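Let me begin by presenting the structure, written as structure tokens, before commenting on it.
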Amino acid sequence: VIDYLTGITAACVRKEQVSSNKGILGIAQKVFMYLLIVIGVFVDVMLQFMFNNLNVPISLPFIVGCIVACWLVLNEMLSILENLSDIGVPMPPFLMPLVERIKGSVEKKGDDIKDNIGKKEESADDEG
């Protein structure tokens, strides 16, 4: 909601046309972003099922779903900060780079997990 409101305000400040179609699309995107978290949780469940059936002793306590949720929250934070900047709200110079760095760390953690899962699958294939 905050991103939506700051986005509309920033668009007005930038002298962009605000349309109901863009607004409805923006709201739909926000709703569908929650679907990404659900998909991340399903990926966690499927990975755990796969590891259990391959007798690989790995436990992933909904890490994919959590990483997706963190990534989405950080995306929203960045969008809100960009909107506030466009509106002219004074901002500490470290804030946006800090959030971008945290987002990069979350993305790297996701990549690390993806790479490690690939290695575990290869080792399970070698054993089988």
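The values are calculated or read from the model by the stated rules, or taken from the named source; none is laboratory data. All values reported here derive from a predicted model rather than from experimental measurement. A quick note on method: Cβ atoms are made from the backbone with ideal geometry, for glycine too, and the neighbour counts reach across all protein chains shown. Remember, those area values only see protein heavy atoms, side chains included, never the ligands or the DNA or RNA. Shrake-Rupley method; radii C 1.70, N 1.55, O 1.52, S 1.80 Å.
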Looks like the stretch 50-115, by Cα gyration tensor root eigenvalues a ≥ b ≥ c and the a/c under 1.5 rounded cutoff (else prolate when a/b is bigger than b/c, oblate otherwise), is prolate
Whole number in Å², please: accessible area per residue of the chain, 1.4 Å probe, ligands, DNA and RNA not counted.
70
Within the set 105, 19, 79, GNM on the chain using Cα springs under 10 Å gives the largest fluctuation to 19
Quantify how much of the Cα-Cα distance distribution of the chain extends past 16 Å, in percent.
70
Determine, from the Cβ-Cβ distance of residue 49 and residue 95 and an R0 of 41 Å, the FRET efficiency 1/(1 + (r/R0)^6), rounded to the nearest 0.05.
0.50
Connecting C-alpha atoms closer than 10 Å in a GNM of the chain, tell me which of 62, 42, 94 has the biggest fluctuation.
94
How far apart, in nm, are the 7 Å Cα→Cβ label points at residue 9 and residue 24?
2.6
I'd like to verify something in the chain: which complete DSSP H helices, judged by Cα projection on the helix axis, reach 15 Å or more and average at least -1.0 on the Kyte-Doolittle scale?
2-13, 20-53, 63-87
Less than 17 Å apart at the alpha-carbon level, and either on another chain or at least 8 residues along: which lysines does that give for residue 30?
22
Carbon-plus-sulfur fraction of the accessible area of the chain, 1.4 Å probe, in percent?
66
